[in-house]
Amino acid sequence: MTKRFRGHVWMALFAGLSWMSATPAQSAPEVTRIEIDSRWGGLNPDSPFCTQLAIEKDGAGYRLSGNQSQGRGERHVKAVIPERTVSADQVARLAAALRAPVRTALDPELLRPAAAQLQRHLDGLLPDIAPPSSPVAAKVRAWRETFREPSALAAAATRGIVRHWHTDDYPGIRIRATFADGSKQEWSSRSQSYLMLPWKNADDEPTYAVELPLAVGAMLPEESTNKERLEDKHLRDDEWADLLDGGLAADIGRFRTEARMPDAFAALSKHFDVDEMDPVDWQGPQLDVDMRLPDSPKNLTLSARLDIRGKALAHPADANRMAQQLTLAQSSPALLSRMNDHPNVPFRISHRGWSRLNRATAAQFQTQMASLGKLPELKRDPSLLRDAVMVEEGDVPVYWIVLADRRAVRWKEYASKDEPGTRCEGIPMGEDAHTYGKTDICYGTVFDADGKVQ
């Protein structure tokens, strides 16, 4: 089982959450109830570990109750958390954090104690990005100077938080507060990073305000799942440096590509908006790219690993093929509307990793659609699927297939055991068509070339 598949499976434990939000009033109403659902999943045979808490108004203060549960894929209550009193001040602190405006980047003050060391760290990166004799070296030095201000360091560390990921560690937390006027606030996080930042609201807007996770952490009893992730602690200089490296990776990759593969860099930059490119040498000279067309929705990307010959693309036709796939994906009215309606949700076309529209996946799609009594024309006209493209929506993905005639199919997604629907096998693991059972719900919703359900 690949790291990414395990990530999708465990993140799906939290994917069913729905969110509501409320606009703060001039005088914030009193909190009447808080619900916290905090979980962790991984390879531990007893996981997922869950803490469920309810905090309700009780006289001048609040009363906390809840339980701890565990068990792979299901909840088995193991312990009841003894009831205890929570002060009104604690609840007010949390309510204020829930209602605060989103912060789009880390507060620069958080990095100030590590600023001097981070500046030295940046200086040490330069020789590895491009040799001093490289035509790119002057660009690299000018780029380095842009990080003298704390706000620039904070912005880079924020990007590093977004990129931070490691395997077999899948935390998740959701908090819902109900107020006396009936309004609600909900926030959640599945982040592995510092204080589980970013947290997201009902509109999928991320916030990097530390006040929210710290207020939640202060509310959790000591035995709670993820309590240690939400404690008020300062990162070490080397931990900030790791986040900084993650935030600078895209820039560094572009410089390295331009220095080592200038012709490939120029060819791709001419036709695409490139989010990331980075040389890799595991199987000969290759280039990893994440990119879109200039007119693509900003949340649509295509990821590929391209062969390099000398300083150029080994197969120049690859660029045309990728442009055609992006064009097809965004030419489907149904999928384009979905992308535009959910601008904070990523949509991906992948040519590397396990979730690709290869022969095994295409055959599975045709078989599963036939079992639903749909798209019999795929047998009559193989080009519909041969020239199709698969798009993943979201972190726990919904899989879309856009056929060559611009029809789109909302195919399937991973779902937990208790969700209703027609079950089907997950995406094959490579060309061997190996799967891990009926882990998905098949929708098979077909939209015509005008975006209407067939």
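In this structure, is ALA449 at pLDDT 85 or above, in a loop (DSSP other than H, G, I, E, B) and surrounded by fewer than 20 Cβ atoms within 10 Å (Cβ to Cβ)?
Yes.
Return the total of residues in the range 94-109 being in contact with a Leu (Cβ under 9 Å, 6 or more places away or on another chain) and part of a helix (DSSP H, G or I).
4
Of all residues in the range 45-72, count the ones that are part of a loop (DSSP other than H, G, I, E, B) and either touching a strand residue (DSSP E or B) at 6+ places or on another chain (Cβ under 9 Å) or at pLDDT 95 or above (or both).
5
If you go through the range 347-379 one residue at a time, how many are on the phi > 0 side of the Ramachandran plot and buried (at least 16 other Cβ atoms within 10 Å of the Cβ)?
1
Among what's in the range 116-147 and is at pLDDT below 95 and among the small types (Gly, Ala, Ser), pick the residue that is nearest to ARG236 (Cα to Cα).
ALA130
Quick check: is even one residue across the range 263-283 out of contact with any His (no Cβ under 7 Å at 6 or more places or on another chain) and within 24 Å of GLN119 (Cα to Cα)?
yes
In this structure, does ALA54 turn out to be in contact (Cβ under 8 Å) with a residue 12 or more places away in the chain and over 22 Å from GLY217 (Cβ atoms)?
So ALA54 fails the test.
Restricting attention to the range 126-177, report how many residues are in a loop (DSSP other than H, G, I, E, B) and either among the aromatic types (Phe, Trp, Tyr) or free of Cβ contacts under 8 Å to residues at least 60 places away in the same chain (or both).
Selection size over the range 126-177: 8.
Please tell me if ALA241 is in a helix (DSSP H, G or I), closer than 28 Å to LEU357 by Cβ and among the small types (Gly, Ala, Ser).
no
Going through the range 306-329 one residue at a time, which ones are polar (S, T, N, Q) and buried (at least 16 other Cβ atoms within 10 Å of the Cβ)?
Across the range 306-329, the qualifying residue is only GLN325.
Looking at (1) at pLDDT below 95; (2) surrounded by fewer than 16 Cβ atoms within 10 Å (Cβ to Cβ), which is the one condition that is false for ALA96?
The single condition ALA96 does not satisfy is (1).
Determine whether PHE265 is within 30 Å of ARG120 (Cα to Cα), hydrophobic (A, V, I, L, M, F, W, C) and either under 20 Å from the mean Cα position of the chain (by Cα) or modelled with pLDDT of 95 or more (or both).
Criteria met by PHE265.
List the strands (runs of 3 or more DSSP E) inside the range 321-430, counting only whole elements, that have at least 1 residues being within 21 Å of ASP275 (Cβ to Cβ) and out of contact with any His (no Cβ under 8 Å at 6 or more places or on another chain).
Here the list reads 347-350, 389-393, 398-402.
Would you confirm, using the coordinates I've provided, whether PRO343 is more than 25 Å from GLU258 (Cα to Cα) and under 19 Å from the mean Cα position of the chain (by Cα)?
So PRO343 fits the description; yes.
The values are calculated or read from the model by the stated rules, or taken from the named source; none is laboratory data. Everything numeric here is computed off the predicted structure, so don't read it as measured data. Glycine gets a Cβ as well: all are built from the backbone with ideal geometry, and neighbour counts include every protein chain shown.
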